[in-house]
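Engineer: I'd like to ask you about the structure that follows.
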Amino acid sequence: MLPTLLEHTSTRVNAEIDPVLHIWGWEIAVYLFLGGLVAGLLILSSLLLWRPRDTAPARILQLAPLVALVLLSLGMGTLFLDLAYKLHVFRFYLAFRPTSPMSWGAWILVLIYPVAALSGLLALGPELQGKLLKKLPLVGVLAWAQRQRQVLLGATLAGGVGLGIYTGLLLGTLTARIQWNTAVLGPLFLTSGLSSGAAFLLLFKLDEADRHRLVRWDMLALAVEGVLIASMVLGFANAGAAGQLAADALLGGAWTASFWSLVVVMGIAVPLVLESIEIKKHLPLVAVTPALVLLGGLALRAVLLAAGQDSGFRLLP
Amino acid sequence: MQRRDFIKITGTTALGVAVATSLGLPKSGQAESDPGTDGDHTVATFCELCFWKCGVLAHVKDGKVTKIVGNPMHPLSNGALCPRGTGGTGLLYDPDRLKKPMIRVGERGAQKFKEVEWPEALDFVANKLKEIATKHGPEAVALFVHGFGGSFFRHLLNAYGSDNVGQPSHAQCRGAREVGFQLTFGAPLGSPEVIDLENSRAIALIGSHLGENMHNTQVQEFAKAIECGAQLVVVDPRFSTAAGKARYWLPIKPGTDIALLLAWIHVMLGEGLYDREYIAKYAIGLEQLRAHVADKTPEWASLETGLDPAQIVDSIRLLAGARPAALLHPGRHTAWYGDDTQRARAMAIVNALLGNYGRRGGFYFPTKLGVPKYAGVPEFAHTFKRAPDRPKGKVFPFGDEGLAHGLRDATIPGTADYDLKAWIVYGTNLVQALPEPKKTLEAIQHLELLVAIDVLPAEIVGYADVVLPEATYLERWDDVVVTPYKSQYIAVRQPAVAPLYDSKPGWWIAKELANRLGLGAYFPWNDASELVKARLEAGKFDVAAVLKNGVALGPGKPVFLEDGAPASFATPSKKIELFSQQLADAGLDPLPNYTPPEEPPRGQFRLLMGRTPTHTFGRTTNNRFLSEIYSENELWLNAQVARDMGLDDGAQVRLTNQDGVKSTPLRLKATQRIRPDCVFMVHGYGHTAPGLRFAKGRGVDDTALVSRSKIDPVFGGTGMNVNFVAIERA
Amino acid sequence: MNGEKRYVMVVDTRLCVGCKACVLACKAENNTPDGYCRDWIVEDIWGIFPNLRAEIRSERCNHCSNAPCVDACPTGASHKVEGGIVLVDHDKCTGCKACIASCPYDARYVHPEGYVDKCTFCAHRVASGKTTACVAICPTKTLHFGDVSDPHGEVAQLLASRRHKVLHPETGCEPNLYFLT
């Protein structure tokens, strides 16, 4: 039995690696957030549009896939900003590496574009379609797509699910970071993405039925998020020295304050309460709740991204 | 199954892509990983990053030295190098190098110079030297020197008429050990020390932090000994690197080593652990020694040293159990407490009792190759006046070398037998090398001439009247080096590249000055390459081979008694003198006595200094390549004490010594690795010279805090671990 | 072992004095950018004064047999070559840093030119029969490098005869840097 390691010194002082790994900053946090949000948007809008309806869906629902593409492009922009060798970005598309979530992600992103674009065009009302189609030689494609509407929605849904899983797994597969080395991380990010997607839609004008559906879905997602976070922390706390370290970071360490205040209280608990009040009392809806959910989603990524980088094996004996 | 594998498998299945990661690996990564640092040729020379003189191979590509590796043929490097040697390019390409000769224009020390051409600078120095010889006599000029290239300047000074040469490596470093061992065994230990570490089966270190003190060959042998199972005893107030490998670490109270040594001798004699036959044959004074240590029991020593008496006994039993292949390492930097020669004597006596002098695993009788002198260098006709390196009327009976601090003091008028008026300072940063730096600066103000010959603008250069930029060791020839060692070899230094800027080799500077002083006859060769080649030819060496290999090996000779080396003890009795009549005759203790050290007052700590493997004093701290690793020193303080004082590891602290000298801030290393009554820092930091643009302001200059020293009565050395510091948050 | 070449490095912590010659020799050999290193020295101290124990290690990329960095790389820039040496193809690297995050030993860094860089086991030297720069310079013969699949080779012999460990075996990466203790 060794006495406790008391002094550890290393001569290594590589930038961004020492004393604490800091290779990824706000760019990746925003990218992960937008990736999750877009996944949520695609999934929820596909589901809401799945059944044919009597009246035209709300404008935001029609536009959702296209808005998703804009947000996704923003996310890819921040991802690009993070690349240390930007000129080599094309390299992502000269290879497919099945073991690399980053590679999966790169390909999922480009696959989502045509699917979501078509899906988005279909969802547009006839007048918008008419305006656009005058300029674009897409009549034939669109007519084809119209016939395949369900398939396309299905594909959009699948793309959303793929994107959501990928953004969740990206960090989760980097098992060298104790904080990310948990099976809960993927589902957590996916759920948070769904919640963010719902919250995003709730910022806009929707018909009553859709709104209620979204609020209920969001409540469910937030509740699941809460459960996942609890199981993550409990899992860490009961997983030996490594897990203890990860648990400490969230329970009594550098990241405790931001995690609990921004993510758990502001991003999950308060919105959950507000939404349940909304549902029960049929209150006029305000933008506060979805805004909190969105901020919470961003904070979740930012905090776990930072805490994870601060949780290398070097901290273990 | 790892989760990664799981993803790998699912990913593969999902896409139906068969990826065989382990099949068909590329042949090698040669092309893609080759950084292209191999030279188009290599030059075999020897290193000058410290003074050990390891053989190196400099890789040269397109006229630039790309990297430096060990010369496998050289017996001091055996192909391996210490970090400093590896970092020679950092010196060669240091952007802060002295680039042109300069003459002072402002106040002395105001760092205002004008750049001049070489003839003007050399004329200036020669004219001044002539004037001083006329006014005060040539003996008013002193040379301070450190490093192999200094030999040309020593020769110049001798030709000029003075032998006032001071090397801080003597009185401020290994002098006490040399004198102590010479008194006992009849010979100093030299450099490399004549110790056979690699064959030792048990090694004791007292204050020597081998491994942090990175003398290449010695560390190689040290590791080899450990590899072969040698046991270590490390006596050090600090848990040094070596202590981390020791069977026994004795965290001794600083200044009490002699008490431990006397107790060790007590145990050795009491338990009959010493080599009776060897002592009977080669030594005198055993009975006096026995009487002397009769009451020096481990229990007594325990009270003085703070060590466990059982540990005192066990450690010497361990050491003696392996004799004669047991070595109490003599150390190197031994200028600690002012009783240093006596401590060295006690260490020499322990070694004698181990019967290890002239024995494998102990000390060897060195051998060397002969290289004839250059024919036609005239002998000096004049005799030299005795160096004024001690206060008027003061006598230090032993020690053959000049006292650097004494020469400094002799520059303050009226201190010594006569006043010094000029200094030639070669590669020696006296401001950081000598204790009581205030005195150094005061002495400088009394000079009529201060010439600095250096590669970098160290502090002392800023006070010079004339600055002569020397070429680095990678750009110059030097004389042949002949080293007394356990094997026979000679080595040459030759340039890997031409001198950068307007720097010149030392030999050229000395020769040009000699010409101007009318002493050209003493430098009859045209250049140092001719000097080297002529000497090698005269010695019947294959010159081309020596230049190619950088080294020539001799057939060797027995260096151990068991191999037939003759026992040779050049003491007055021709024996190992356990009892020293010489010391008795000089009115000094013929056997080492222990005097308790002065205690630091409450709230103060004894300041100890040491080395880091990546640096040679302050000479390399501006080397950007080397300093990437340890760019500033830190203050080691016992972690418990630090906690009690409310100081966290990493806090910035400031030191104030007993004379009120305040340090600049430095980082605190709160550590379990040191006793609570002392603090430790690595020497050579805290530069103030503006020209050292990298090193300036990094860490703390320990010498500034050494505002007092304790003079060793045997030879006049300066014990420097006698300063106490208080610590406060900066 | 199935006779396939596998290069490993064996570090004798008993001999290492932490002099950092390996660190500097690597910098010189590989022309590593200022401020970065591919190998480094770690000193661990256990215990309370005066009962202390020390371990000094020369560390670098572990060239893991089950290399997470190679798996994490989206472009194939991180790859294995003969003998299991893990290299980064600068031309394929996008600087996405997934490999850095995936490395339990934090052995990688972003070169100022944008690509990810790390120890190559001096593949360029090994290919021509030489040993690595760090092994060649080491004054204490702490470092040993070779093909462990050769049962008579130095590294296999050392591992067969001496107590050893790897760092963080729990990662499942199967590191190839062994520490004799």
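Engineer: Would you confirm whether or not segment A:1-22 contains a residue that is more than 13 Å from chain C (Cβ to nearest Cβ), open to solvent by less than 60 Å² (accessible area, probe 1.4 Å) and either part of a helix (DSSP H, G or I) or among the polar types (S, T, N, Q) (or both)?
Structural biologist: No - not one qualifying residue is present in segment A:1-22.
Engineer: For segment C:73-86, enumerate the residues that are open to solvent by 10 Å² or more (accessible area, probe 1.4 Å) and more than 11 Å from chain A (Cβ to nearest Cβ).
Structural biologist: Within segment C:73-86, C:K80, C:E82, C:G84 meet the criteria.
Engineer: Write out, first by first residue and then by second, each pair whose Cβ atoms fall under 9 Å of each other, whose residues are 6+ apart or on separate chains, and whose first residue, in segment B:562-575, is without any contact (Cβ under 8 Å) to a residue 40 or more places away in the chain while the second is open to solvent by less than 50 Å² (accessible area, probe 1.4 Å) and small (G, A, S).
Structural biologist: As it stands, the answer is B:P572/B:G186, since those pairs meet every condition given.
Engineer: Separate question: Identify, from the list B:A204, B:A187, B:A242, B:A246, the residue that is assigned by TED's automatic domain parsing to the domain that holds B:N351, within 21 Å of B:C173 (Cβ to Cβ) and open to solvent by 10 Å² or more (accessible area, probe 1.4 Å).
Structural biologist: From the options B:A204, B:A187, B:A242, B:A246, the qualifying one is B:A187.
Engineer: Give the residue that is nearest to C:Y36 (Cα to Cα), with candidates limited to residues of segment C:136-155 that are buried (at least 19 other Cβ atoms within 10 Å of the Cβ) and more than 10 Å from chain B (Cβ to nearest Cβ). It would help to see each step written out before you state the result.
Structural biologist: Of segment C:136-155, the ones buried (at least 19 other Cβ atoms within 10 Å of the Cβ) are C:136-140, C:142-146, C:148, C:155.
Add one more test, that the residue is more than 10 Å from chain B (Cβ to nearest Cβ), and what stays is C:143-146, C:148, C:155.
Working: C:L143: 21, C:H144: 23, C:F145: 23, C:G146: 26, C:V148: 29, C:V155: 28 Å.
In this case the residue turns out to be C:L143.
Engineer: Residue by residue through segment A:80-118, note down the ones that are under 18 Å from the mean Cα position of the chain (by Cα) and closer than 30 Å to A:L142 by Cα.
Structural biologist: A:W104, A:G105, A:A106, A:W107, A:I108, A:L109, A:V110, A:L111, A:I112, A:Y113, A:A116
Engineer: What's the number of the only condition in (1) crowded, with 22+ Cβ neighbours inside 10 Å; (2) more than 14 Å from chain C (Cβ to nearest Cβ); (3) more than 24 Å from B:I674 (Cβ to Cβ) that B:F605 fails to meet?
Structural biologist: The one condition B:F605 does not meet is (3).
Engineer: Now, a different point. Can you tell me how many residues in segment B:356-371 are among the hydrophobic types (A, V, I, L, M, F, W, C), open to solvent by less than 10 Å² (accessible area, probe 1.4 Å) and part of a loop (DSSP other than H, G, I, E, B)? Before you say what the answer is, go through the steps one by one.
Structural biologist: We begin by selecting, within segment B:356-371, every residue among the hydrophobic types (A, V, I, L, M, F, W, C); these are B:363, B:365, B:369, B:371.
When the remaining residues are screened for being open to solvent by less than 10 Å² (accessible area, probe 1.4 Å), the result is B:363.
Now drop any that are not part of a loop (DSSP other than H, G, I, E, B), which leaves none.
Qualifying residue count for the region: 0.
Engineer: Picking from B:D701, B:D649, B:D712, which residue would you name as being of a type in the set (D, E), within 14 Å of chain C (Cβ to nearest Cβ) and touching a strand residue (DSSP E or B) at 6+ places or on another chain (Cβ under 8 Å)? Give the derivation first.
Structural biologist: Details: B:D701 fails: within 14 Å of chain C (Cβ to nearest Cβ); B:D712 fails: within 14 Å of chain C (Cβ to nearest Cβ).
Of B:D701, B:D649, B:D712, the one residue that is of a type in the set (D, E), within 14 Å of chain C (Cβ to nearest Cβ) and touching a strand residue (DSSP E or B) at 6+ places or on another chain (Cβ under 8 Å) is B:D649.
Engineer: Considering only segment C:111-127, I want to know if a residue exists there that is within 11 Å of chain B (Cβ to nearest Cβ), modelled with pLDDT under 95 and surrounded by fewer than 21 Cβ atoms within 10 Å (Cβ to Cβ).
Structural biologist: yes
Engineer: Let me ask something else about it. Which residue pairs have Cβ atoms under 7 Å apart, sit 6 or more places apart or on different chains, and have a first residue in segment B:114-128 that is within 13 Å of B:R104 (Cα to Cα) and a second that is modelled with pLDDT of 95 or more and surrounded by fewer than 13 Cβ atoms within 10 Å (Cβ to Cβ)?
Structural biologist: Sorted first by the residue in segment B:114-128, then by its partner, the pairs are B:K114/B:V105.
Engineer: Of (1) under 19 Å from A:A106 (Cα atoms); (2) more than 7 Å from every other protein chain (Cβ to nearest Cβ); (3) of a type outside the set (A, V, I, L, M, F, W, C); (4) open to solvent by less than 20 Å² (accessible area, probe 1.4 Å), C:N62 satisfies all except one. Which?
Structural biologist: (1)
Engineer: A follow-up question, please. Assuming B:P676 fulfils every condition listed in (1) surrounded by fewer than 19 Cβ atoms within 10 Å (Cβ to Cβ); (2) out of contact with any strand residue (DSSP E or B) (no Cβ under 8 Å at 6 or more places or on another chain) apart from one, which condition is it?
Structural biologist: Among (1) surrounded by fewer than 19 Cβ atoms within 10 Å (Cβ to Cβ); (2) out of contact with any strand residue (DSSP E or B) (no Cβ under 8 Å at 6 or more places or on another chain), the lone unmet condition for B:P676 is (2).
Engineer: Looking at segment C:1-117, what strands (runs of 3 or more DSSP E) fall wholly within it and have at least 3 residues that are among the β-branched types (V, I, T)?
Structural biologist: The strands (runs of 3 or more DSSP E) meeting that bar are C:7-12, C:40-48, C:85-88.
Engineer: On to the next question. Can you find even one residue in segment B:124-145 that is within 14 Å of chain C (Cβ to nearest Cβ) and either modelled with pLDDT of 95 or more or surrounded by fewer than 19 Cβ atoms within 10 Å (Cβ to Cβ) (or both)?
Structural biologist: No - not one qualifying residue is present in segment B:124-145.
Engineer: Going residue by residue through segment C:130-141, is there one that turns out to be part of a strand (DSSP E or B) and hydrophobic (A, V, I, L, M, F, W, C)? Break it down stepwise before answering.
Structural biologist: Going through segment C:130-141, the residues part of a strand (DSSP E or B) turn out to be none.
Within segment C:130-141, not a single residue is part of a strand (DSSP E or B) and hydrophobic (A, V, I, L, M, F, W, C).
Engineer: For the subset of segment A:99-113 comprising residues that are surrounded by fewer than 21 Cβ atoms within 10 Å (Cβ to Cβ) and without any contact (Cβ under 8 Å) to a residue 24 or more places away in the chain, which member is nearest to the other protein chains (Cβ to nearest Cβ)?
Structural biologist: In this case the residue turns out to be A:W107.
Engineer: All but one of (1) surrounded by fewer than 24 Cβ atoms within 10 Å (Cβ to Cβ); (2) closer than 30 Å to B:L420 by Cα; (3) of a type in the set (G, A, S) hold for B:G229; which doesn't?
Structural biologist: (2)
So that you can scan it fast, the table gives a plain yes or no per residue for (1) in contact with a Gly (Cβ under 8 Å, 6 or more places away or on another chain); (2) of a type in the set (A, V, I, L, M, F, W, C):
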site	(1), (2)
B:S663	yes, no
B:L668	yes, yes
B:T671	no, no
B:R698	yes, no
B:S707	no, no
B:G716	yes, no
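Engineer: Right, another one. Tell me, please, whether a residue that is under 17 Å from the mean Cα position of the chain (by Cα) and either under 29 Å from C:I100 (Cβ atoms) or crowded, with 16+ Cβ neighbours inside 10 Å (or both) can be found in segment A:238-258. Spell out how you get there, then give the answer.
Structural biologist: Of all residues in segment A:238-258, those under 17 Å from the mean Cα position of the chain (by Cα) come to none.
Checked segment A:238-258: no residue is under 17 Å from the mean Cα position of the chain (by Cα) and either under 29 Å from C:I100 (Cβ atoms) or crowded, with 16+ Cβ neighbours inside 10 Å (or both).
Engineer: Only one of these is more than 14 Å from every other protein chain (Cβ to nearest Cβ), hydrophobic (A, V, I, L, M, F, W, C) and open to solvent by less than 10 Å² (accessible area, probe 1.4 Å): B:V234, B:V267. Name it.
Structural biologist: After ruling out the rest, the residue left standing is B:V267.
Engineer: Right, something else. Taking B:V641 as meeting all but one of (1) in contact (Cβ under 8 Å) with a residue 60 or more places away in the chain; (2) within 14 Å of chain C (Cβ to nearest Cβ); (3) among the β-branched types (V, I, T); (4) over 18 Å from A:V13 (Cβ atoms), write down the number of the exception.
Structural biologist: Evaluating B:V641 over (1) in contact (Cβ under 8 Å) with a residue 60 or more places away in the chain; (2) within 14 Å of chain C (Cβ to nearest Cβ); (3) among the β-branched types (V, I, T); (4) over 18 Å from A:V13 (Cβ atoms) leaves (1) as the failure.
Engineer: Report, by residue number, each residue of segment B:432-464 that is open to solvent by less than 20 Å² (accessible area, probe 1.4 Å), out of contact with any helix residue (DSSP H, G or I) (no Cβ under 8 Å at 6 or more places or on another chain) and among the acidic types (D, E).
Structural biologist: Residues satisfying the conditions do not exist here.
Engineer: I need the strands (runs of 3 or more DSSP E) fully contained in segment B:164-273, keeping only those with at least 2 residues that are within 26 Å of B:H615 (Cβ to Cβ) and under 17 Å from the mean Cα position of the chain (by Cα). Don't jump to the end; show me each part of the working.
Structural biologist: Values: elements: B:202-206, B:231-235, B:248-250.
Where strands (runs of 3 or more DSSP E) fall fully within segment B:164-273 and carry at least 2 residues being within 26 Å of B:H615 (Cβ to Cβ) and under 17 Å from the mean Cα position of the chain (by Cα), they are B:202-206.
Engineer: Among (1) of a type outside the set (F, W, Y); (2) in a helix (DSSP H, G or I); (3) open to solvent by 50 Å² or more (accessible area, probe 1.4 Å), which single condition is A:M219 missing?
Structural biologist: The number of the failed condition is (3).
Engineer: Restricting attention to segment B:611-633, does a residue exist that is in a strand (DSSP E or B), away from every other protein chain (no Cβ under 13 Å) and buried (at least 19 other Cβ atoms within 10 Å of the Cβ)?
Structural biologist: No, segment B:611-633 contains no residue that is in a strand (DSSP E or B), away from every other protein chain (no Cβ under 13 Å) and buried (at least 19 other Cβ atoms within 10 Å of the Cβ).
Engineer: For C:V70, which of the numbered conditions (1) at the interface with chain B (Cβ under 10 Å from one of its Cβ atoms); (2) within 25 Å of C:R14 (Cβ to Cβ); (3) open to solvent by 10 Å² or more (accessible area, probe 1.4 Å) fails to hold?
Structural biologist: The one condition C:V70 does not meet is (2).
The values are calculated or read from the model by the stated rules, or taken from the named source; none is laboratory data. Quick caveat: nothing in here was measured; it's all calculated off a predicted structure. Glycine gets a Cβ as well: all are built from the backbone with ideal geometry, and neighbour counts include every protein chain shown. To get the accessible areas, we keep the full protein, side chains included, count just its heavy atoms, and leave off ligands, DNA and RNA. Shrake-Rupley method; radii C 1.70, N 1.55, O 1.52, S 1.80 Å.
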